[in-house]
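All remarks here apply to the structure that follows.
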Amino acid sequence: MNVSWRKPLRRIGWGLLLVLLDVRIAGIDWLPDFVGYMMAASGSLRLGSEFPAMRRAGRLAWGLAAVSLPAVLMPYTMNPTEGISQLPLPVQLYGQLMLALHAVLIVLLCTGLREAASKAKARDIQHQAGGRRTFYALLAFVLLVFYPFQFNLEELQWWVWYGGGVLLLGIAELLALRLPFRLARVRRHRVDKEAPTL
């Protein structure tokens, strides 16, 4: 068992949790996403030599870190009272691009975690990684497809459906983010059990 997996796995989990949290005061994001993406990239690339999906996820995370830099000072936020359709089109396209790339990142990470869990013989985590990957990918795809319907539906009606989808996607991501922490614990316990007693 490779105990060196522990820190990279936790770095991935904490980094993506930082991305998920959004604290914006006076138009400034005080928990910038690029820091979380850099943490996830660092952890993923550390595991990339063993798992190709992790290597691809690490490269994508570095790309997301760069692409997310403008969001730190971007003054536009999604406010139901103002109407999402009133936001400038480039801002809307930027948000959908970030959602699509982030969804690909989560899918790649779940694939890498599934491979790592298989190598660690953690069958429960292996199956959960596959199921959560599919659930998250499906939800993200539905949200991306549903987004343009804002121009045809009443604002409130669209917000109810889209807001519900975003809430489900957040829950799905939290479930996925549990996996690297759980896998780190499984590997540590197995190392401890296999350590020779003196």
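Based on alpha-carbon atoms, the Kirkwood radius and the radius of gyration of segment 120-173 give Rg/Rh equal to 1.18. Phi angles of segment 55-62 translate, via the Karplus equation with coefficients 6.51, -1.76, 1.60 and θ = phi - 60°, into HN-Hα couplings of 5, 5, 5, x, 5, 5, 4, 5 Hz per residue; Gly and Pro are given as x.
Each residue was assigned an accessible area with a 1.4 Å probe, and for ARG46 the value is about 130 Å².
The values are calculated or read from the model by the stated rules, or taken from the named source; none is laboratory data. Every value quoted in this text rests on a predicted model; they were computed, and no experiment measured them. Heavy atoms of the whole protein, side chains included, go into the accessibility calculation; ligands, DNA and RNA do not. Shrake-Rupley method; radii C 1.70, N 1.55, O 1.52, S 1.80 Å.
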